[in-house]
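Structure record follows, encoded as structure tokens.
Only the coordinates and a few stated rules stand behind these numbers; no lab work does. Keep in mind that this is a model prediction, so the values were computed, not measured. Note: ideal-geometry Cβ built from the backbone for every residue, glycine included; neighbour counts use all protein chains shown.
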Amino acid sequence: MKVALITGVTGQDGAYLAELLLDKGYEVHGIKRRTSLFNTGRIDHLYQGPHERWRRFVLHHGDLTDSSSLTRIIQHVQPDEIYNLAAQSHVAVSFEEPEYTANSDAIGTLRILEAIRILGLEKKTRFYQASTSELYGLVQQIPQNETTPFYPRSPYAVAKLYAYWITVNYREAYGMYACNGILFNHESPIRGETFVTRKITRALARIKLGVQDCLFLGNLDAKRDWGHARDYVEMQWMMLQQAQPEDFVIATGRQYSVRDFVNAAAEELNLTIRWTGKGIDEKGCDASGNVVVAVDPRYFRPTEVETLLGDATKARTKLGWTPRTPFADLVAEMVREDLRSAERDELVKEHGYTAFEFNE
Ligand code: NDP
Ligand code: GDR
């Protein structure tokens with residue numbers, strides 16, 4: 001039985017990947033941070049208690065900023081494969097917490113690679129690094145592939161640039177099987193609520209049911225290449241099954257703006273969008289109470305990534321990659337799930353509790 005270790009197992013990709021690897025018969029270990037409340041909602045359906053006899057899913061407390069925990073866990077688990085998905089993954093937040101972002105996303109990656117090396121596992125343990133299309137930042141070529149020059153535009157992207165190159169360096173210096181998946185944006189119903197796609201589907205579902213008044217967004221013209229996380233984690237696994245370690249771009253090759261995403265989600269819900277940033281009251285509504293989407297400059301970033309479009313020809317040729325979920329299906333699935341939770345919120349509101357409004 002192969003043994004995998006996933007950092008960031010409580011995140012979107014961690015949850016989908018853990019499920020995939022368990023389905024493939026792996027023993028799966030996940031690293032989670034200590035939190036004051038449970039934050040395992042995305043993996044609760046996989047949980048196996050410490051007293052279960054044939055446990056194939058095991059969680060360990062650890063942190064990317066703490067070498068001692070990483071080394072201890074890797075020594076104990078002796079993994080065949082490590083998927084380094086943990087990160088402070090929010091681009092806007094990285095401007096507010098640049099040092100922490102560098103510590104976890106850049107040096108955290110180094111800590112894992114060093115642990116593999118110090119423990120003498122460099123010939124046994126294969127390593128996957130969650131690299132990102134944010135590396136392209138101010139794009140130098142359209143579409144972007146594995147040879148496009150990088151130009152990071154945020155503390156997050158700069159930290160991920162270090163992680164990208166240290167992964168390449170350990171591959172070349174120590175002959176480790178280490179590779180970068182340069183993944184373009186991928187979303188799902190379990191996407192974090194403050195990323196723009198989920199913020200939109202969640203807010204529009206709540207607006208539809210009268211639980212929320214309006215939605216504030218930043219740059220509506222930003223364009224992204226959005227795929228489905230469930231499809232993308234399969235490619236993370238595929239990258240570690242090749243004869244030679246290589247870096248791959250994973251993307252759909254289709255691009256939409258934030259405004260397009262809002263329109264697609266609104267269409268699913270039969271909502272007519274009123275776009276305005278002017279004359280809004282403190283609740284975000286105009287005199288007629290009709291405002292649905294308003295622009296708030298607080299969501300603009302000091303340096304923005306305006307456009308990303310991936311060229312995954314290499315993955316298509318070598319890994320057999322074809323994106324399975326079209327944009328419209330992704331939006332529909334996210335809207336459907338958020339409508340379900342909005343119905344629960346509506347019930348709570350009806351019974352007298354104040355609805356919780358989210359506008360990050
Ligand atoms: P999420 O933000 O959903 O998950 C991040 C995970 O990392 C969470 O489990 C989080 O734990 C954990 N984490 C954060 N900081 C630490 C730390 N210091 N120590 C240990 N664990 C930590 O991200 P995604 O699942 O969307 O993305 C997975 C990876 O892929 C990330 O590295 C991201 O940067 C990268 N990426 C994502 C893309 C996307 O579109 N989703 C595209 C390209 C790259 P907790 O639950 O406690 O917060
Ligand atoms: P991104 O994702 O920065 O691409 O990083 P996000 O969904 O946060 O932003 C996408 C684009 O939408 C614009 N935008 C807004 N974004 C947020 N979060 N909230 C808003 O209100 C809003 N309004 C407009 C942003 O400016 C941006 O242009 C994601 C993360 O998963 C990273 O970890 C990953 O590396 C990259 O995708 C690929």
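Using only the Cα atoms of segment 303-345, build the gyration tensor, take square roots of its eigenvalues as a ≥ b ≥ c, and label the shape rounded, prolate or oblate: rounded if a/c is under 1.5, else prolate if a/b is larger than b/c, else oblate. It is oblate, given that a/c is not under 1.5 and a/b is not larger than b/c. Neighbour counts of other Cβ atoms within 10 Å put Phe127, Phe150 in the fewest-to-most order Phe150, Phe127. Karplus-based coupling profile of segment 305-313, in residue order and whole Hz: 9, 7, 8, 9, 8, x, 10, 9, 4, with θ = phi - 60° in 6.51 cos²θ - 1.76 cosθ + 1.60 and x standing for Gly or Pro. Relative to one another, the C-alpha centroids of segment 314-339 and segment 151-204 are positioned 18 Å apart.
When Phe57, Phe38 are sorted by how many other C-beta atoms sit within 10 angstrom of their C-beta, beginning with the fewest, the order is Phe38, Phe57. Structural descriptor for segment 3-183: relative contact order 21 percent, calculated from alpha carbon pairs under 8 angstrom and at least 6 residues apart. Considering only Ala243, Ala130, Ala115, the Gaussian network model of the chain with Cα springs below 10 Å gives its largest mean-square fluctuation to Ala243. Computed from Cα atoms, the angle from the helix 155-174 axis to the main principal axis of the chain rounds to 20 degrees.
Listing Tyr151, Tyr16, Tyr256 from fewest to most neighbouring C-beta atoms within 10 Å gives Tyr151, Tyr256, Tyr16. How far is the Cα center of segment 84-137 from the Cα center of segment 8-49, in Å? About 18 Å separates the Cα centre of segment 84-137 from the one of segment 8-49.
Placing pseudo-labels 7 Å out from each Cα toward the beta carbon at Thr313 and Ser36 gives an inter-label distance of 5.3 nm.
Between Val58 and Val28, His29, Gly30, the built amide H atoms are under 5 Å apart, and every one of these is 5 or more places off in sequence or on another chain.
Put simply, the Cα atoms of segment 3-183 extend 54, 37, 30 Å along their principal axes, the longest span coming first. Which translational diffusion coefficient, to the nearest whole µm²/s, is obtained for the chain from the Stokes-Einstein equation, given a Kirkwood hydrodynamic radius over C-alpha pairs, 20 °C and 1.002 mPa s? Approximately 100 µm²/s, per Stokes-Einstein. Close amide H contacts of Ala86 (hydrogens built in the peptide plane, cut-off under 5 Å, sequence separation of 5 or more or a different chain): Thr7, Gly8. Once C-alpha pairs closer than 8 Å and six or more residues apart are averaged by separation and normalised to the residue number of segment 175-248, the relative contact order reads 51 percent. The trypsin sites (Lys or Arg not before Pro) of segment 37-126 that meet both conditions, a loop assignment by DSSP and at most 15 other Cβ atoms within 10 Å of the site Cβ, are Arg53, Arg55, Lys123, Lys124.
Annotation: amide H-H contacts under 5 Å for Ser131 (H modelled 1.01 Å from N, sequence separation of 5 or more, or interchain): Gly181, Leu183.
Entry note, the chain: the mean residue ellipticity at 222 nm calculated from DSSP H runs of n ≥ 4, each adding -39500 (n - 2.57), is -11500 deg cm²/dmol after division by the residues and rounding to the nearest 500. Placing a pseudo-label 7 Å from each Cα along the Cα-to-Cβ vector at Lys123 and Arg55 gives an inter-label distance of 3.2 nm.
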